[in-house]
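K.L.:
Before anything else, here's the structure in question.
Since every read-out is calculated from the coordinates, none of them should be taken as a lab result. Everything quoted here is computed from the prediction, not taken from an experiment. Note that each Cβ is placed from the backbone with ideal geometry, even for glycine, and that neighbours are counted across all protein chains shown.
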Amino acid sequence: MSTYSWGNELDELRQLEAELTEAPNVEGFLQVAERYAHLNLHKEAARFYRLAEDCEHGPEEGRMPLPIPAAAPTPVIGPVALLNGALAPQMVVEIIQMLYNTMRTGELVVNDTHGETVRLYLDKGRVINAIGNRFARGEKSFERSLVMREGTYQFFERPVAHIAPVFDQNTDHLLLAALQRIDEQASLR
């Protein structure tokens, strides 16, 4: 299965999850669990196998049932991130590669614990610009985002046609060149 279809598969699974909140059923939970397992997302698969079991037999003695999201979602004010979480070493590189492989378009916002922010703009998976609050737009901001180790990240799917591209190479080459420069700088210290 290509990585792009993996991204489409996740979109389909989110839709099935939404349908199951309105009409929970054992077969639906099992179908979603098997598809998550096929994608090697084992924690999600286990969660849906447990939901299927709870739906069929009720929760086990002493175990709380897993909540099924409310049928009517809570209204959200402002944009909702497609991806978000806490940073770890090399995480930004992995996120960029995933967004590249799934051909996503939008803005990846990376914040460190010291107040620094870098915004990376992607068009169909290709990084086209990087803007930071510490360095000028372009290479320095892009490199800075790759070395952030503590903080948070969020990816918002949104149009980026209004963002002027500053990178003309594909994302793999951009990452490789930036990581090489970072390694060279580290060896000089």
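K.L.:
What nm value, rounded to one decimal, do you get for the distance between GLN185 and LEU83 when each label is placed 7 Å out toward the C-beta?
P.N.:
Calculated label separation equals 2.2 nm.
K.L.:
Give, as a single signed number, the net charge of other residues whose beta carbon lies under 12 Å from the beta carbon of ARG181, with Lys and Arg counted +1 and Asp and Glu -1.
P.N.:
Here the charged neighbours net out to -2.
K.L.:
Another question, if that's okay. Whole number please: convex hull volume per residue, Cα atoms of the range 83-188, in Å³.
P.N.:
93
K.L.:
Sorted by mean Cβ packing within 10 Å, highest first, what order do the peptides 121-131, 161-171 take?
P.N.:
121-131, 161-171
K.L.:
For the range 86-145, what is the relative contact order in percent, using Cα pairs closer than 8 Å and at least 6 residues apart in sequence?
P.N.:
With pairs under 8 Å counted, the relative contact order is 25 percent.
K.L.:
Right, something else. Using a Förster distance of 25 Å, how high is the FRET efficiency between GLN90 and GLU12, based on the Cβ-Cβ distance and rounded to 0.05?
P.N.:
0.30
K.L.:
Sort 97-108, 172-183 by packing, meaning the average of other beta carbons within 10 Å per residue, with the highest value first.
P.N.:
Packing proxy ranking, top to bottom: 97-108, 172-183.
K.L.:
Something else about it: Between ALA136 and GLN31, how many nm apart are label points set 7 Å from Cα along the C-beta direction?
P.N.:
5.5
K.L.:
Moving to a separate point now. Could you compute the net charge surrounding TYR153? Neighbours are other residues with a C-beta less than 13 Å from the C-beta of TYR153; K and R count +1, D and E count -1.
P.N.:
So the surrounding residues net to -3.
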